[in-house]
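Worksheet for the structure shown next.
The values are calculated or read from the model by the stated rules, or taken from the named source; none is laboratory data. Since this is a predicted model, take the numbers as computed values, not measurements. Every residue, glycine as well, gets a Cβ built from its backbone with ideal geometry; the counts of neighbours run over all protein chains shown.
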C-alpha cells in the first residue's frame, strides 16, 4: 500500500479513519539510524492491519525526509505528517492523538525496537481490566520497568538481540499485569477512553519530560489505572531525542517540581513501586530478569569449616548439583570468613560458581537464597532474607521440635520451637527431606496455607570429598580380624543404641563371635550414653565386645561401612535415613527399621526390623550373616533403591521449588512485614511493621539474640506474659506475638532499653 504523506492533521485523520485497531504513533526528530531500526521492527512485528503514523517534527537530517520513499512497499498503512517548524515532543504527540480520531494510540519513541506480537500483547494488557487507561511494556531503559537490572538502564545481555529478548521475556512471563503509578514514555498503549476523559498531554511540559506522568495522574484521580504489559519487552536506546545537555537536565528538574506540586503523592508511589520486593511488579521484573540472565541462587555455606561431616558434604553436593543444572545461570556460594579447606578445592573450577564471603554482602545478590541445612538461630533470618529476593529453607525434620529432652531445659526447648515457627513463617519456600517431614510440619501448623513446600530428597551419589576409607582413630587393631556389627549415628536417644546393645547381646548368645562398634558424635542433651553405660555395667561380659567411638571423620565413616559385616540401624525417627543406602552402596547389608521417613524411602522388597523384640532381631541378624543369598538380596534391594536418589534429581526438585517461589507474589504474613519507602509520608502501620520486624529478627541491639535482651529486662514474667498474649490472640509463641502486635510493644521496649531500666513493668500490647 502506498505511503500517504499528509500536509495537515485533518488530512492525516482522514487517511486513518477507516481503521479499527490502535494507531502506532512515532514522533521523529533526526536520529536516523534509530528511526530506521524502529520502523523496521514495527513493520515486521506489527501485523498487516497495523497503521503507522510518523510525525516528522522538522528534522534537519535530510535522510529522514527520504524515508517515505523507502516505505512504499510495506504491508501496513503508513501515514506521514511533516512539520515545517519544530513543535516539540508534547505538541507533536497531541497532533498524533488528534489524527488517530476515535482509535487507541500506541506511542512509540523512535529509539525503540519492538519484538514479535508486541502490539497484540500490549492491547491484551490494556484491555485486561475496564479501568486500565494505559499499558507499558518492559524495556532495558525505562526507570521502574527496566530489566534485567531493576531501576537501572543497561544494554542487552550478551547473546541477545532485541527480538530474542522479547521472545524470552514473553515465554517466562506469568502475565500478572502489575499496576504502575504511571506509564513510562518509551512505549505506551493509551486507550481512547482515557484521552476522552482527561484530554491530551499538557503543553506546560513542552517540549518534553513529565507530560506522560501528568496525563497518568489525571487518569488516576478519576479512578483509572495503569499496568505493565509484563509479557512485552522492547529495546530502548534512551535519550536519543533530547540528549543529556545541562539545559535538558534543568528542564527535567523544573518539570519534576511541577509534578510534585500538582500530585504530592506521586513521587512516594514511584519510590514504593521501585523498592517493593513483594509486589506483582517485583514478581514480573524478576521473571523478566531470569529470562535474560538466568536463575541466580545464593547457597548459604557458612557451616563449612575444617571438619567434613554429613551436613557439610550435603551442602557441597547441593552446590555442585545446582551448578550442573541447565536452568541455573549462577550459584553464589556464601562462605564463612575463614577459608574452609578442603571445601574450597572441591568447589574450584566450576564456571557457574562464585565464592562470596557472606560478611561482605550488603544487599540482595540473588533471585533465591537457599539454606540447605537446618536453621537453629532465628537471628539468621534477617541476614538470609537480605541476600536475595526470595528465601527457601531446608527443614530436615521435627526431631528437636518434638522432643524436649534434647534441650538443657524446657524454656530452651520452647525458644527453639518459637524460632522454628518464625523461620517457617518467614520462608517463601520450604524444602523437606521427605514427605513424612512435610506432613508433620503441616500437622503441627507450621506451614501457612498455600506456602510453597516441596519434598527434596537428598542424593546418595556423592562426587566430592570422596576420600579413601581410613580406620577411625581409637579403633582397636583387632577389630577387622574379629569382625564387627556397626551401629552408626550420634548417641541421641531416638537412634535407639540401647536397643542395638540388647540385640547384639542376643547375637552373642547365639554364637556371634565379633564385636559391636558404636560410632557417632556424643551430644550434651538427650544422650543415651548413661543408659548404655548402665546396661553394660549390668552385663560386664559384654563390655569387652563393645567399642564406642565418638565423632569419626568421613574417611573413618567410609571405612566402617566398608568393613562392617552388618550395619544395625534400629532408629526410631529419621528425616531421611541415609545409612541403609550408604551401606548397600559399598556392599554391606543393613538391617534397618522402617520408622518415619524410612517407611516411604525403603524398597518394598527389603528386609527390615519387624518389631522391637531384641531376640527376634538377633535371629534376623545372625541369619543374614549366615546366609549369603539373603545378604545379597538385602544389599541389592537397598542398592537399587539408592540409585533413585541422585544429586541431579535433588537439583531438579530444588530448581522447581525455586521457580515456584519466584513466581509467587508476597509470602506468609510475617514475611510481608518489610519496609516500603514512602518518603515523608510513611504510615504508622509501615513503621510498626518495620519496628517489629527488626525486633523479632535481629534483637533490640542488633547483635544479641532477642531472648537474651528480654531476659535481662524482664527475667521473671516477660516470657510468660508474651505467651499468654499469644494464646489469647490464637497465636503460637511470643516471637510471633511480638511480630504481629509489635508496634506499641517495640516502642515501649526500645525506650526502656535506651534508659537501661530493668524494672519489670506490665506492658499493654
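Computed quantities for the displayed model
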{"read-out": "Top-ranked residue in segment 1-16 [being under 54 Å from the mean Cα position of the chain (by Cα) and assigned to a loop (DSSP other than H, G, I, E, B); ranked as surrounded by the most Cβ atoms within 10 Å (Cβ to Cβ)]", "value": "3"}
{"read-out": "Of residues in segment 219-249 being part of a helix (DSSP H, G or I) and modelled with pLDDT under 90, the one farthest from the chain's Cα centre (by Cα)", "value": "247"}
{"read-out": "The listed residue being buried (at least 20 other Cβ atoms within 10 Å of the Cβ) and modelled with pLDDT of 95 or more, out of 591, 572", "value": "591"}
{"read-out": "Any hit, segment 323-334, residues being assigned by TED's automatic domain parsing to the domain that holds residue 374, touching a residue at least 40 places away in the same chain (Cβ under 8 Å) and more than 17 Å from the chain's Cα centre (by Cα)", "value": "yes"}
{"read-out": "Helices (runs of 4 or more DSSP H) wholly inside segment 523-636 containing at least 1 residues that are touching a helix residue (DSSP H, G or I) at 6+ places or on another chain (Cβ under 6 Å) and within 17 Å of residue 484 (Cβ to Cβ)", "value": "529-538, 540-543, 554-563, 579-585, 614-626"}
{"read-out": "Flag for residue 78 being buried (at least 22 other Cβ atoms within 10 Å of the Cβ), under 22 Å from residue 234 (Cβ atoms) and modelled with pLDDT of 95 or more", "value": "no"}
{"read-out": "Answer from 609, 624 - the residue that is surrounded by 15 or more Cβ atoms within 10 Å (Cβ to Cβ), in the same structural domain as residue 496 (by TED's automatic domain parsing), closer than 25 Å to residue 471 by Cα and in contact with a strand residue (DSSP E or B) (Cβ under 8 Å, 6 or more places away or on another chain)", "value": "624"}
{"read-out": "Residue list for segment 384-405, restricted to those being in contact with a strand residue (DSSP E or B) (Cβ under 7 Å, 6 or more places away or on another chain), at pLDDT 90 or above and farther than 18 Å from residue 452 by Cα", "value": "none"}
{"read-out": "Matching entry among 486, 498, 475 (being at pLDDT below 95 and either part of a loop (DSSP other than H, G, I, E, B) or closer than 30 Å to residue 405 by Cβ (or both))", "value": "475"}
{"read-out": "Of the criteria (1) crowded, with 21+ Cβ neighbours inside 10 Å; (2) in contact (Cβ under 8 Å) with a residue 40 or more places away in the chain; (3) in contact with a helix residue (DSSP H, G or I) (Cβ under 9 Å, 6 or more places away or on another chain); (4) assigned to a helix (DSSP H, G or I), which one residue 38 fails", "value": "(3)"}
{"read-out": "All positions within segment 264-277 that are surrounded by 18 or more Cβ atoms within 10 Å (Cβ to Cβ) and within 17 Å of the chain's Cα centre (by Cα)", "value": "277"}
{"read-out": "Given (1) outside the structural domain of residue 371 (by TED's automatic domain parsing); (2) closer than 30 Å to residue 370 by Cα; (3) out of contact with any strand residue (DSSP E or B) (no Cβ under 6 Å at 6 or more places or on another chain), number of the condition residue 503 does not satisfy", "value": "(2)"}
{"read-out": "Any chance residue 69 is in a helix (DSSP H, G or I) and surrounded by 14 or more Cβ atoms within 10 Å (Cβ to Cβ)", "value": "no"}
{"read-out": "Residue check for residue 422: part of a helix (DSSP H, G or I) and in contact (Cβ under 8 Å) with a residue 60 or more places away in the chain", "value": "yes"}
{"read-out": "Among the residues listed as 229, 133, the single one being crowded, with 23+ Cβ neighbours inside 10 Å, over 25 Å from residue 286 (Cβ atoms) and either in contact (Cβ under 8 Å) with a residue 40 or more places away in the chain or not assigned by TED's automatic domain parsing to the domain that holds residue 88 (or both)", "value": "133"}
{"read-out": "Some residue of segment 426-433 being in contact with a strand residue (DSSP E or B) (Cβ under 6 Å, 6 or more places away or on another chain) and assigned to a loop (DSSP other than H, G, I, E, B)", "value": "yes"}
{"read-out": "Given (1) at pLDDT below 95; (2) surrounded by fewer than 19 Cβ atoms within 10 Å (Cβ to Cβ), index of the condition residue 563 fails", "value": "(1)"}
{"read-out": "Qualifying helices (runs of 4 or more DSSP H) (wholly inside segment 289-387; at least 3 residues being under 30 Å from residue 147 (Cα atoms))", "value": "310-324, 380-386"}
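Residues checked against (1) crowded, with 17+ Cβ neighbours inside 10 Å; (2) modelled with pLDDT of 85 or more:
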residue	(1), (2)
293	no, yes
299	yes, yes
322	yes, yes
327	no, yes
341	no, no
346	yes, no
368	yes, yes
371	yes, yes
376	no, no
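A quick yes/no check of all residues on (1) touching a strand residue (DSSP E or B) at 6+ places or on another chain (Cβ under 7 Å); (2) farther than 30 Å from residue 423 by Cβ; (3) assigned by TED's automatic domain parsing to the domain that holds residue 571; (4) surrounded by fewer than 21 Cβ atoms within 10 Å (Cβ to Cβ):
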{"position": "445", "(1), (2), (3), (4)": "no, no, no, yes"}
{"position": "449", "(1), (2), (3), (4)": "no, no, no, yes"}
{"position": "470", "(1), (2), (3), (4)": "no, yes, no, yes"}
{"position": "485", "(1), (2), (3), (4)": "yes, yes, yes, no"}
{"position": "496", "(1), (2), (3), (4)": "no, no, yes, no"}
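Yes/no matrix, rows are residues, columns are (1) within 23 Å of residue 49 (Cβ to Cβ); (2) under 32 Å from the mean Cα position of the chain (by Cα); (3) modelled with pLDDT of 95 or more; (4) outside any helix (DSSP H, G or I):
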{"residue": "91", "(1), (2), (3), (4)": "no, no, yes, no"}
{"residue": "98", "(1), (2), (3), (4)": "yes, no, yes, no"}
{"residue": "103", "(1), (2), (3), (4)": "yes, no, yes, yes"}
{"residue": "106", "(1), (2), (3), (4)": "yes, no, yes, yes"}
{"residue": "121", "(1), (2), (3), (4)": "yes, yes, yes, no"}
{"residue": "135", "(1), (2), (3), (4)": "yes, yes, yes, yes"}
{"residue": "138", "(1), (2), (3), (4)": "no, yes, yes, yes"}
{"residue": "154", "(1), (2), (3), (4)": "no, yes, no, yes"}
{"residue": "157", "(1), (2), (3), (4)": "no, yes, no, yes"}
